1. What does the charge count around His154 come to, taking other residues whose C-beta lies under 10 Å from its C-beta (Lys +1, Arg +1, Asp -1, Glu -1)?
2. Under a Cβ-Cβ cut-off of 14 Å, what is the net charge of the residues other than Leu100 that fall near it, where Lys and Arg count +1 and Asp and Glu count -1?
3. Given the -39500 (n - 2.57) contribution per DSSP H run of 4+ residues, what per-residue ellipticity at 222 nm results for the chain, rounded to the nearest 500 deg cm²/dmol?
4. Rounded to whole Å, give me the distance from the Cα center of segment 515-542 to that of segment 233-260.
5. Can you list the cysteines of the chain that have no other Cys Cβ under 4.7 Å away?
6. Quick check: the angle from helix 126-135's long axis to the longest principal axis of the chain, C-alpha only, nearest 10 degrees?
7. Counting alpha carbon pairs within less than 8 Å and at least 6 residues apart, what relative contact order, in whole percent, applies to the chain?
8. Sort 263-275, 341-353 by packing, meaning the average of other beta carbons within 10 Å per residue, with the highest value first.
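The values are calculated or read from the model by the stated rules, or taken from the named source; none is laboratory data. Being a predicted model, the structure only gives us computed values, none of them experimental. With ideal geometry, Cβ positions are generated from the backbone for all residues, glycine too; neighbour counts draw on all protein chains shown. Note: accessible area is taken over every heavy atom of the protein model, side chains too, but ligands, DNA and RNA are not part of it. Shrake-Rupley method; radii C 1.70, N 1.55, O 1.52, S 1.80 Å.
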Amino acid sequence: MKQENSLRSSNWFARGGKDGFIYRAWLKKQGIPSHELEGKPIIGICNTWSELTPCNSHFRELAEAVKRGVLEAGGYPLEFPVMSLGETLIKPTAMLYRNLVSMDVEESIRANPLDGVVLLCGCDKTTPALVMGACSVNIPTIVVSGGAMLTGRHRGHSIGTSDIWRFSEDVRAGRMSNEELAMAEAGMCRSDGHCAVMGTASTMACMVESLGLSLPQNAAIPAPDAARKVLSQLSGNEIVKMVCENRRLSDILTRESFENAIRVNAAIGGSTNFVIHLLAIAGRIGIELNLQDMDTFSANIPLIANLQPSGSYFMEDLYYAGGLPAVMNALLQHLHTDCMTANGKTIGANYADAVSYNKEVISTLEDPFNAVSGIVVLKGNICEDGAVIKPSAASPHLMQHTGKAVVFEDIDDYKKRIDDPALEVDENSILVLKNVGPKGYPGMPEVGNLGLPAKLLARGITDMVRISDGRMSGTGFGTVVLHVSPEAAAGGNLAIIQEGDVITLDVHQRRLYADITPEEIARRKAAWKPVYPQSTRGYVQLYQQHVEQAHLGADLDFLKGSSGSQVTRDSH
Ligand code: FES
């Protein structure tokens with residue numbers, strides 16, 4: 001057990017006089033005697049449980065399992081809530097509030113008598129928000145993910161969130177009735193847990209495991225599987241050890257661990273949202289990481305996990321095939337195996353013996369599911385600071401494509417005109433959507449995989465090149481260029497792209513450009529004025545004034561880095 005006087009919490013509970021009286025007395029009203037608080041590691045359980053976050057609605061049970069583990073190891077658990085972000089209900093977009101939650105987490109940890117923290121993360125933004133906030137305090141921290149839901153079922157087929165995009169297009173094209181859509185809705189979400197495909201929530205769970213922030217197998221155990229509670233209890237054990245050994249986030253999160261995470265993300269076909277969240281986390285813990293690193297470190301990694309939306313299977317299948325440990329084992333020659341992880345062992349030690357039990361789901365480097373993977377970073381006169389595309393979710397025949405722009409000035413303009421029979425568009429056109437970036441929407445929503453015009457869907461067209469300064473759901477797919485930076489609202493060149501401009505996407509050459517001269521760009525920019533809605537109060541105004549561009553992670557500029565774990569004043 002750690003010496004009492006070296007515990008952060010002893011600054012509260014080991015005190016005499018009025019201060020110690022107050023700190024202890026008000027916990028006694030919850031039936032907690034003094035001996036539980038003095039000399040034991042106090043472990044905060046940061047809970048994003050909410051009935052408004054359906055993916056995290058089972059977190060009270062997980063918290064109980066964590067508590068058992070903390071008590072068993074000689075610590076004392078205190079659970080606390082933070083703002084929770086559910087992807088499906090929150091408007092205008094959960095991403096608008098990621099940074100707000102990170103502030104809630106950071107200040108809650110620092111302000112309270114905690115020696116270590118367990119982060120309960122599930123739905124997309126809850127993972128990066130909690131990890132970002134914890135990084136800015138940097139005390140011993142472990143992540144427990146909520147796990148994916150069981151695979152959905154519809155008319156004898158497996159379904160998952162990625163099918164929603166197909167169902168939607170089928171209904172618009174008249175291939176699916178509303179009655180059948182309602183049946184699919186009833187079979188989609190069969191259990192506790194987050195989206196069952198390699199969407200953003202699953203990507204984030206894989207990210208924390210590959211960074212070393214969780215116990216092995218955290219990423220893929222299904223939410224309702226009893227093993228999820230076992231892992232939660234073991235994580236409760238582990239956080240007490242982490243406090244005793246003073247193993248902090250900065251001991252785990254190194255430049256090399258971020259490179260590992262990028263490579264693993266390529267191998268699993270992870271979400272493009274990985275880019276923006278990993279950059280933001282690196283910014284908080286003080287690791288130099290840039291957009292180009294996403295391409296550089298994933299360039300020679302093939303897709304070895306056959307998971308929707310890039311492949312065929314579901315998170316449940318990934319777990320039965322060996323989970324993320326089997327993927328990381330297959331990748332070991334590309335990983336920094338000496339990186340430290342939460343359990344005090346290295347990546348090499350944790351994953352050396354993992355095996356794939358189903359090569360259809362987890363293949364090998366020699367016989368990958370797809371040679372194309374990862375995130376490609378594009379540059380050109382439409383995206384001066386970069387844009388991203390996920391080739392494994394795109395159509396091979398569109399990877400090199402030139403077409404005329406059909407331009408939508410904002411999402412309302414798109415909704416108004418996309419199904420207009422008079423819209424001049426064909427399958428070679430390139431759909432361009434502006435003003436859905438961090439400042440412009442605001443909050444950078446997941447609208448980048450724009451639905452295709454109904455008249456092209458009716459002709460059987462299933463993919464077109466689409467470009468925007470927004471994001472795409474990790475469950476989405478298509479030849480979709482995202483995160484154009486600088487965004488239109490910030491005066492990036494995207495803002496001056498006009499109807500009929502000839503645009504070329506060349507994924508192999510990492511190029512995205514419009515056939516416009518620098519003189520013409522300058523002429524158009526001189527006449528350009530921002531047109532996005534600007535908030536005049538509250539958090540949204542703060543966000544719009546301080547949010548950074550996508551290629552930097554879209555954090556608030558004043559949140560970068562850490563303020564450490566010291567409280568600034570002692571008020572009692
Ligand atoms: Fe929560 Fe998909 S809606 S993970």
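1. -1
2. After counting each charged neighbour, the total is -2.
3. When only DSSP H runs of four or more count, the value is -10000 deg cm²/dmol.
4. 43
5. Cys46, Cys121, Cys135, Cys189, Cys195, Cys206, Cys244, Cys339, Cys383
6. It is inclined by approximately 50 degrees.
7. Normalised by residue count, the contact order of the chain is 14 percent.
8. Per-residue Cβ counts within 10 Å, averaged per peptide and sorted highest first, yield 263-275, 341-353.
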